[in-house]
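All remarks here apply to the structure that follows.
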Amino acid sequence: MSTAERDRVPKQDRSRATRQRLLEAAVACLAEHGWAGSTVTVVAERAGVSRGAAQHHFPTREDLFTAAVEYVAEERSTALRDLFPDSPGGPADRHAVLAALVDLYTGPLFRAALHLWVAASNEDQLRARVTELEARVGRETHRIAVELLGADETRPGARETVQGFLDMARGLGLANLLTDDTTRRERVVAQWAALLDEALG
């Protein structure tokens, strides 16, 4: 972008764009390099901004990375909803919903979040923030899953069945970090679809 073009873009819009580039770069760095290799300087370079600009938006490294994972989690939730726009009127195809939910745990967001969890387990200052973030993301994912699956949580065992699937999906995401687990994952998702149809009615 030229100086003249930049001058025509409102300052608030430029600031928002810079913040978004930093968040996306932080998630990419965390997924590729882990916590130890993801510094504010590395993220700023990847985002094409100065270190000072990065620190203006995010005063600490912890601020940057927790905000980045939260930002992408919100984006993924929106994307998941957009896949099934008609679901509030009734459950979407359960197999398709389950496959989309599993995809949440096999992409760069999950890989980035995992690095953040490992770092948080060893850093007290980070642990409280990541624990709070994960609780919030977990509640939102569960709520979306219940809605998309058309689950009636007043039915005995329905809530636990949905949560059990989400816990299992996280396990599939962990397995996928080391090897491409696509074939086995597809069989597991198909089996869970059948189990959920029986458990949820």
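The numbers here are math on the coordinates, done by the rules we state, and not lab data. On a predicted model such as this, the values are computed, not experimentally measured, just so you know. Neighbour counts are summed over all protein chains in view; Cβ atoms, including those assigned to glycine, are modelled from backbone coordinates with ideal geometry.
Here the Gaussian network model covers the chain, with springs between Cα atoms less than 10 Å apart; of 56, 115, 33, 56 fluctuates the most. The 3J(HN,Hα) values that the Karplus relation (6.51, -1.76, 1.60; θ = phi - 60°) gives for region 191-201 are, in residue order, 5, 5, 4, 5, 5, 5, 4, 6, 6, 9, x Hz. Gly and Pro appear as x.
Across all directions, the average flat footprint of the convex hull enclosing the Cα atoms of the chain is 13.6 nm². Pairs of Cα atoms nearer than 8 Å and 6+ residues apart set the relative contact order; for the chain it is 23 percent.
A helix-only calculation puts the chain at -26000 deg cm²/dmol for mean residue ellipticity at 222 nm, using -39500 (n - 2.57) for each DSSP H run of at least four residues, averaged over all residues.
Label point of residue 63 set 7 angstrom out along Cα-Cβ; within region 101-133, amide nitrogens under 18 Å from it belong to 125-130, 133. Which net charge results when you count Lys and Arg as +1 and Asp and Glu as -1 among the other residues whose beta-carbon is under 12 Å from that of residue 72? After counting each charged neighbour, the total is -2.
Remark: the residue 56-residue 168 segment gains 36.4 nm on full extension, using 0.36 nm per residue and subtracting the alpha carbon distance.
Ranking 114, 52, 138 by Cα position along the charge dipole of the chain, where only Lys, Arg, Asp and Glu carry charges on their C-beta atoms, puts 52 farthest toward the positive end.
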